[in-house]
Amino acid sequence: MTALPSQPQRLLTVADYLVLPEDAEVHHELQEGILVMSPRPVPDHQLCQRRVARRLEDQLPGGLEVLPEVDVDLQLVPGDRPATVRAPDLVVVTRAALDRVRREGGLLRAAEVALAVEIISPGSRRLDTIVKHSEYADAGIPHYWVVDLGEPGDRPQLTVHHLAGEFGYADAGPVNGTFTATEPFAVHLDLDALV
């Protein structure tokens with residue numbers, strides 16, 4: 001059994017978060033300065049994540065890359081304030097953003113994310129559909145997809161959110177079967193093939 005790391009005694013900034021030790025057994029995020037931990041995803045979640053990433057990668061136009069579980073500074077507050085850092089299941093970012101991180105260090109920024117994808121896990125439904133939905137919209141991430149695998153035997157569903165001005169995200173409701181879109185890039189997904 002692994003001991004849980006002790007919680008810092010103050011709210012953390014992005015700089016504080018960057019110096020935390022890595023822990024392969026626990027998924028870390030920073031929510032308004034509070035370190036939030038969750039267990040690693042179940043196998044179906046990981047399988048879906050890998051398959052979505054592979055399908056996106058095959059269809060991405062030049063200049064874009066798909067990355068799994070990479071930290072993103074949502075930049076909701078100035079750098080000296082308690083921050084929010086999320087690690088979406090997948091993000092699509094520009095190669096220029098990756099080059100910037102290589103040169104300068106630090107984290108990817110919300111402004112560099114074209115698409116964030118979350119796959120609902122047991123226990124993450126509210127976080128993915130309400131909390132992160134609001135945070136990603138506030139951070140200006142233009143496209144947010146939520147994959148819901150449901151219960152065993154259910155068909156996977158995808159809800160595609162896009163920024164709609166001052167109202168945050170808008171969506172047309174969940175879809176299953178096949179999904180085709182032109183924004184943020186041309187893409188076609190067979191949702192039933194994700195698990």
What order do you get for 164-174, 82-92 when each peptide is scored by the mean count of other beta carbon atoms within 10 Å, highest first? 82-92, 164-174
Taking Cα Rg over 2.2 N^0.38 Å as the quantity of interest, determine which of (1) 1.06; (2) 1.02; (3) 1.12 was computed from the displayed structure. (2)
With the 8 Å Cα cutoff and a minimum separation of six or more residues, the chain has a relative contact order in percent of 16
From the helices alone, meaning DSSP H stretches of at least four residues, give me the mean residue ellipticity at 222 nm for the chain, per-run term -39500 (n - 2.57), in deg cm²/dmol to the nearest 500. -6000 deg cm²/dmol
Along its principal axes, what span do the Cα atoms of segment 11-110 show, with the longest given first and each in whole Å? 40, 32, 21
Per the charge dipole of the chain (beta-carbon charges, Lys/Arg positive, Asp/Glu negative, Cα centre), the residue among Ala164, Pro21, Pro39 reaching farthest to the positive end is Pro21
Packing-based ranking, highest mean first, of 103-112, 138-147 given that Cβ atoms within 10 Å are counted: 138-147, 103-112
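Read-outs throughout are calculated quantities, based only on the coordinates presented, and are distinct from any laboratory measurement. Small disclaimer: the values here were computed from a predicted structure and weren't measured. With ideal geometry, Cβ positions are generated from the backbone for all residues, glycine too; neighbour counts draw on all protein chains shown.
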